[in-house]
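Asks: This is the structure I want to talk about, given as structure tokens.
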Amino acid sequence: MTAVYDDNNIFSKILRGEIPAHRVYENDDVLAFMDVMPQSNGHTLVIPKTPSRNLLDAAPETLSALMKAVQHVAKAAKTAFEADGITIMQFNEPAAGQTVYHLHFHIIPRYEGIDLKPHSGKMEDNGILSANAEKLRAQL
Ligand code: 5GP
């Protein structure tokens, strides 16, 4: 059984403005910001403003707005980071690798022959995150 949503999670705090994030895109339904432990340069997260723990308990209308934004940010990230491709990832529950329990999609720029860094691995330098956010905002 899927656990219930707990608004104490870090993305809920980012949505409420209680902790900082390198925000790149926002509309009435979604927020996008840089992942602090990127698996590749330019790794970005897109989250709905409506709370859900993950894909399994999200309302269809939440997903509809979210996927539009995922595509919008993915296309911009491919250009901004001159990527060869984009990997989209999304995890549901701890057994599947989920570590933050507010629905999110990972947008990860990919380059021919370059493997991904580990999931939730090393914290990125703040200056690099800031510069990447600026690059991505310029394409959005
Ligand atoms: P999950 O494992 O739940 O799919 O992914 C959570 C993601 O959130 C990871 O990629 C991790 O690097 C990222 N993350 C964890 N804490 C923070 C944070 O405080 N701020 C930001 N921007 N990303 C975070």
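No lab work stands behind these numbers, since they all come straight from the coordinates. What you see is a predicted model; the values in this text were computed from it and never measured. All Cβ positions, glycine included, derive from the backbone under ideal geometry; neighbour counts span all protein chains shown.
Asks: Compute the relative contact order of the chain as a whole-number percentage, counting only Cα pairs closer than 8 Å that sit 6 or more residues apart in sequence.
Replies: On the way: 246 pairs, mean separation 45.3, N = 140.
The value is 32 percent.
Asks: At GLU26 and ASP7, where each label point lies 7 Å from the Cα along Cα→Cβ, what is the point-to-point distance in nanometres?
Replies: 1.7
Asks: Might you report the magnitude of the Cβ-based charge dipole of the chain about its Cα centre, with Lys and Arg at +1 and Asp and Glu at -1, to the nearest 20 debye?
Replies: Values: 13 positive and 17 negative charges, 35 e Å.
Here the chain has a charge dipole of around 160 debye.
Asks: What does the convex hull of the Cα atoms of the range 22-139 come to per residue, in Å³, rounded to a whole number?
Replies: Each residue corresponds to 96 Å³ of Cα convex hull volume.
Asks: Figure the gain on full extension for GLN90 and ARG16 (residue separation times 0.36 nm, minus the Cα-Cα span) and round it to one decimal in nm. Spell out each step's value before the answer.
Replies: Details: separation 74, 0.36 × 74 = 26.64 nm, distance 2.22 nm.
Gain on stretching GLN90 to ARG16: 24.4 nm.
Asks: Test of understanding: given the chain, find the longest segment containing no trypsin sites (Lys or Arg not before Pro) that are in a DSSP loop and have at most 16 other Cβ atoms within 10 Å. Could you put the intermediate results ahead of the total?
Replies: Details: sites that count: ARG16, LYS49, LYS122.
No qualifying site falls inside 50-121, the longest such stretch.
Asks: First select every other residue whose beta carbon is under 11 angstrom from the beta carbon of MET34; then total the charges, Lys and Arg +1, Asp and Glu -1.
Replies: Numbers: positive: ARG23, LYS135, ARG137; negative: ASP35, GLU124, GLU134.
Spelling it out: positives minus negatives among the neighbours equals 0.
Asks: Which whole-Hz couplings ³J(HN,Hα) result when phi for each residue of the range 47-63 is put into the Karplus expression 6.51 cos²θ - 1.76 cosθ + 1.60, θ = phi - 60°, listed in order with x for Gly and Pro?
Replies: 10, x, 6, 6, x, 8, 5, 6, 4, 6, 10, 7, 6, x, 5, 5, 5
Asks: Turning to a different aspect of this structure: Report the local net charge at HIS106: Lys and Arg +1, Asp and Glu -1, summed over other residues whose C-beta lies under 13 Å from its C-beta.
Replies: Details: positive: ARG110, LYS117; negative: ASP35.
Charge balance in the 13 Å sphere: +1.
Asks: Here's something else I'd like to know. May I ask which of LYS68/LYS135; LYS49/LYS117; LYS75/LYS117 have a Cα-Cα span longer than 26 Å here?
Replies: Details: LYS68/LYS135 21 Å; LYS49/LYS117 28 Å; LYS75/LYS117 21 Å.
Table pairs above 26 Å Cα-Cα are LYS49/LYS117.
Asks: Each residue of the range 76-88 in order: what ³J(HN,Hα) in whole Hz does its phi give by Karplus 6.51 cos²θ - 1.76 cosθ + 1.60, θ = phi - 60°, with x for Gly and Pro?
Replies: Couplings: 5, 5, 4, 6, 4, 9, 6, 7, 7, x, 10, 9, 9 Hz.
Asks: Would you tally the net charge around ILE86, using a Cβ to Cβ cut-off of less than 11 Å, leaving ILE86 out, and scoring K and R as +1, D and E as -1?
Replies: Working: positive: LYS75, LYS78, ARG110; negative: ASP84.
Taking every Cβ under 11 Å from that of ILE86, the sum is +2.
Asks: Then there is this: Using just the helices of the chain, give the 222 nm mean residue ellipticity in deg cm²/dmol: DSSP H runs with n ≥ 4 each add -39,500 (n - 2.57), and the total is spread over all residues, rounded to 500.
Replies: -9500 deg cm²/dmol
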